[in-house]
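The values are calculated or read from the model by the stated rules, or taken from the named source; none is laboratory data. Just so you know, these numbers come straight off a predicted model, no measurement behind them. Cβ sites come from the backbone with ideal geometry, for glycine too, and all protein chains shown count toward neighbours.
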Amino acid sequence: MARREKKNRELLIVFDLDGVLVDVRRSYRRTIAEVTRAFTGETPSQREIQALKDEGGYNDDWKLTHTLVRRRGRNVTRRSIKRLFQRIYLGKNFSGRIADERLMIRPGLVRALAGKAPLAVFTGRQRREARHTLKKFGLWPYVSQMVCTGECVPKPHPDGLQKIIRRFPTRRVIYLGDNIDDAISSRRARAEFFAVIAYGGSKRARAKMFRRAGARAVLRSPNGISRYI
């Protein structure tokens with residue numbers, strides 16, 4: 001029993017938010033498509049959006065949307081993209097597409113994991129958006145540490161993960177993410193990476209991509225992490 005308790009004390013579990021804790025197909029992914037259509041008259045497919053994600057360097061959905069617009073021959077400022085994006089995604093008092101998000105992880109599993117190790121979140125969301133979502137789904141009380149966009153060098157740089165790790169310097173760290181930037185960030189921070197491929201493109205191709213990037217395991221759901229803790 002003492003050996004198991006020691007192992008638990010030495011563990012730190014870090015989650016990405018989008019595509020790991022929360023299903024964003026009806027929120028962020030739909031907003032990307034709607035903003036692109038508003039500026040170009042064309043709606044990008046979810047396959048095209050996922051392909052950009054898999055290229056790397058597009059963890060920032062504003063940047064990704066800007067790229068989609070520019071590829072369609074429209075010269076629009078990133079500021080204009082961001083303004084419309086936030087209007088659609090957030091709406092008034094979080095009544096926009098953000099309200100369409102669904103929880104992917106079992107709340108009971110989060111409670112169980114929090115009893116074994118500190119839980120942290122490393123996300124490309126702004127802090128107020130991340131906090132709203134975590135509170136909405138009842139996960140906020142279990143988060144010991146969170147790093148958001150604007151608080152670190154963007155992924156795939158490991159800065160955000162390293163900020164969290166410095167709070168728990170003696171612990172073994174695992175990070176659950178859903179895109180190649182997460183995998184690269186995790187490797188550079190020397191954390192164990194678990195890829196979540198609940199949706200988005202060919203699961204076989206994406207699993208192969210993540211294994212090449214050094215993922216310890218590829219999960220069809222974040223709930224699969226229970227087999228490794």
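Table for the structure above
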read-out: Residue ranges of strands (runs of 3 or more DSSP E) in region 156-229 with at least 1 members surrounded by fewer than 22 Cβ atoms within 10 Å (Cβ to Cβ) and touching a residue at least 60 places away in the same chain (Cβ under 8 Å); value: 172-177
read-out: Single condition Arg131 does not satisfy, out of (1) under 22 Å from Ser226 (Cβ atoms); (2) not in a loop (DSSP other than H, G, I, E, B); value: (1)
read-out: Of the criteria (1) at pLDDT 95 or above; (2) out of contact with any strand residue (DSSP E or B) (no Cβ under 9 Å at 6 or more places or on another chain); (3) of a type in the set (D, E, K, R), which one Asp54 fails; value: (1)
read-out: Verdict on Val153 being free of Cβ contacts under 8 Å to residues at least 24 places away in the same chain and in contact with a Gly (Cβ under 9 Å, 6 or more places away or on another chain); value: yes
read-out: Out of Ser186, Ser144, sole residue that is closer than 21 Å to Ile197 by Cα and among the small types (Gly, Ala, Ser); value: Ser186
read-out: Failed item in (1) surrounded by fewer than 21 Cβ atoms within 10 Å (Cβ to Cβ); (2) under 20 Å from the mean Cα position of the chain (by Cα); (3) outside any helix (DSSP H, G or I), with Ala120 passing the rest; value: (1)
read-out: Elements of type helices (runs of 4 or more DSSP H) in region 1-102, at least 3 residues being within 14 Å of the chain's Cα centre (by Cα); value: 46-55
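Condition check ((1) at positive phi; (2) acidic (Asp, Glu); (3) surrounded by 15 or more Cβ atoms within 10 Å (Cβ to Cβ); (4) in the same structural domain as Asp182 (by TED's automatic domain parsing)) across all residues:
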{"residue": "Val76", "(1), (2), (3), (4)": "no, no, yes, no"}
{"residue": "Phe85", "(1), (2), (3), (4)": "no, no, yes, no"}
{"residue": "Tyr89", "(1), (2), (3), (4)": "no, no, yes, no"}
{"residue": "Pro107", "(1), (2), (3), (4)": "no, no, no, yes"}
{"residue": "Ala112", "(1), (2), (3), (4)": "no, no, no, yes"}
{"residue": "Lys116", "(1), (2), (3), (4)": "no, no, yes, yes"}
{"residue": "Arg125", "(1), (2), (3), (4)": "no, no, yes, yes"}
{"residue": "Gly138", "(1), (2), (3), (4)": "yes, no, no, yes"}
{"residue": "Ser144", "(1), (2), (3), (4)": "no, no, yes, yes"}
